[in-house]
Amino acid sequence: MKQSSIKFSIILIFLGAGLAVQSCSSPDNQTTDQDASKETIKLFNSLMELSKNHTMFGHQDDPAYGIGWAYEEGKSDCKITTGSYPAVYGWELGGLELGNPKNLDDVPFDTMRKLIIEGYKRGGLITISWHEYSPLSGKDSWADTKDTVNGTVEAIIPGGSHHDVYIQHLDKVADFLLSLKTPDGTLVPVIFRPLHENMGGWFWWGTGHCSADQYKTLFQFTVDYLKTERGVHHALYCYSPNGGFSSEEEYLERYPGDNYIDILAFDQYSIRSDKESGQQAIRSMEVLADMAAERNKLYAFSETGDYGLKTQNWFTAHLLPIINANEKTRGITYVLVWRNDENQVDHFFVPYEGHEQAADFKKFREHDLILFEDDLTLNLYH
Ligand code: BMA
């Protein structure tokens, strides 16, 4: 080999090695955020690993209040009835965008922040939803409570008359997310799940109140703004329409795109293993399993529950057989039930102290597939 070609080969080897190093600079980052924090990347990978054999159980507002108590240090209806906190904590931001000190369900944001950080430190997973007040009408998320419902999404996407109001709302969300810091400065990774249940017509971002393109634009803008303008790099993004879909095409109708979503999910209440609702939930999970496998995403059952637990043994006779139906359903990362609110009739979703279904709930907790916080042996973040 001539001297010049040896030199040339050496240069090529260096160049190749350089490129390899560059493309491997974060070989594990499979999230949609190229600048995701290391804890967030680890979380994504841990959840991928964990969901091969387990499903985490979650409860909305769990350590904040329950039936017969509110804001008592260390308390949780899940813990009272099963011995453990849930593995997943759901929280809700509605009202934050207005500058309110409490959310629409009266949870003070300062307390929420404290409980989120505590849950993270214990090893739990945090998911955050947002029933945003309409930046156009100022009224709540529910479409039937306002007059200007049809115009909200159109008015708040780029170029719309109320785009600036939406940005002010998003800034409040970003401020809150960026305040979720441990004393050593680590930002607590969260699943952010805005604009949910959008295939129904009950929220101002739902079908019938905006076009599919407007919805997608809004979701994409939201993610881009949080990441690029506000430097939020500790979030995984979840798309969670209401259930009822049976094919990939249906699910993708308003899907913001693979570059925007880390977790494919859906919400569906009152499911029964012996009824069409249960079969429907199973079909939806199977659709998500196939899509998630093709796209290297996680998939989850982001909201469910049996209102007031009127169905005998709902946890072991209905929820469990549905999520344990086959390999695809078992692959859901987590299932979350909604909040225990004693101010509304039959608005609780886990048994509380002395409730007749507490024993059934405990049995559910003890099933090998299901993980509560105490069952987590893998550190999700480190
Ligand atoms: C709903 C109910 C409401 C609540 C809202 C947001 O499903 O629980 O009472 O305001 O979720 O958390």
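Each value in this text was obtained by applying a stated rule to the coordinates, not by laboratory testing. All of these numbers come straight from a predicted model, not from anything done at the bench. Reconstructed Cβ throughout: ideal geometry from the backbone, glycine too, with neighbour counts over all protein chains shown.
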Under Karplus coefficients 6.51, -1.76 and 1.60, residue-wise ³J(HN,Hα) of segment 88-102 in Hz, glycine/proline x: 10, 10, x, 9, 9, 9, x, x, 4, 5, 8, x, 5, x, 10
So how much slack lies between Lys38 and Lys310, counting 0.36 nm per residue of separation and subtracting their Cα-Cα distance, in nm? 93.6 nm
Provide the per-residue ³J(HN,Hα) series for segment 348-363, in order, calculated from phi with Karplus coefficients 6.51, -1.76, 1.60 and θ = phi - 60°, each as a whole number of Hz, with x at glycine and proline positions. 9, 10, 10, x, 9, 3, x, 5, 5, 9, 4, 5, 5, 5, 5, 5
Gap in Å between the Cα centre of segment 116-138 and the Cα centre of segment 42-98? 11 Å
Need the C-alpha centroid separation for segment 351-365 versus segment 239-267, integer Å. 32 Å
What FRET efficiency do you get for Ser270 and Asn45 if R0 is 41 Å and r is their Cβ-Cβ distance, rounded to the nearest 0.05? 0.75
Whole-number D in µm² s⁻¹ for the chain, Kirkwood Cα-pair radius fed into Stokes-Einstein, 10 °C, 1.306 mPa s: 73 µm²/s
Spin-label point model (7 Å from Cα, Cβ direction): what's the Glu73 to Gln168 distance in nm? 3.9 nm
Quote the charge dipole size of the chain about the Cα centre in Debye, to the nearest 20; the model charges only the Cβ of Lys and Arg (+1) and of Asp and Glu (-1). 1240 debye
Take the Cβ-Cβ distance between Gln30 and Ala293 as r, set R0 to 22 Å, and report the resulting FRET efficiency rounded to the nearest 0.05. 0.95
Sticking with the crude label model, points 7 Å out along Cα→Cβ, report the distance from Asp184 to Leu369 in nm, one decimal please. 3.6 nm
Descending principal axes extents, segment 228-294, alpha-carbon based, whole Å: 48, 22, 19
Which percentage, to the nearest 5, of the DSSP beta bridges contained in the chain is antiparallel? 15 percent
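Using packing as a proxy for protection, rank 117-124, 233-240 so that the peptide with the highest average count of other Cβ atoms within 10 Å comes first. List each step's numbers first, then the result.
On the way: 117-124: 17.9, 233-240: 23.4.
My ranking of the peptides, most packed first, is 233-240, 117-124.
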Ala317-Asn100 pseudo-label distance in nm [points 7 Å out on the Cα-to-Cβ vector]: 3.8 nm
Report the gain in length on full extension from Lys52 to Asp258: 0.36 nm times residue separation, minus Cα-Cα distance, nm rounded to one decimal. 72.0 nm
Of Lys297/Lys328; Lys42/Lys181; Lys38/Lys114, which sit over 19 Å apart, Cα to Cα? Lys38/Lys114
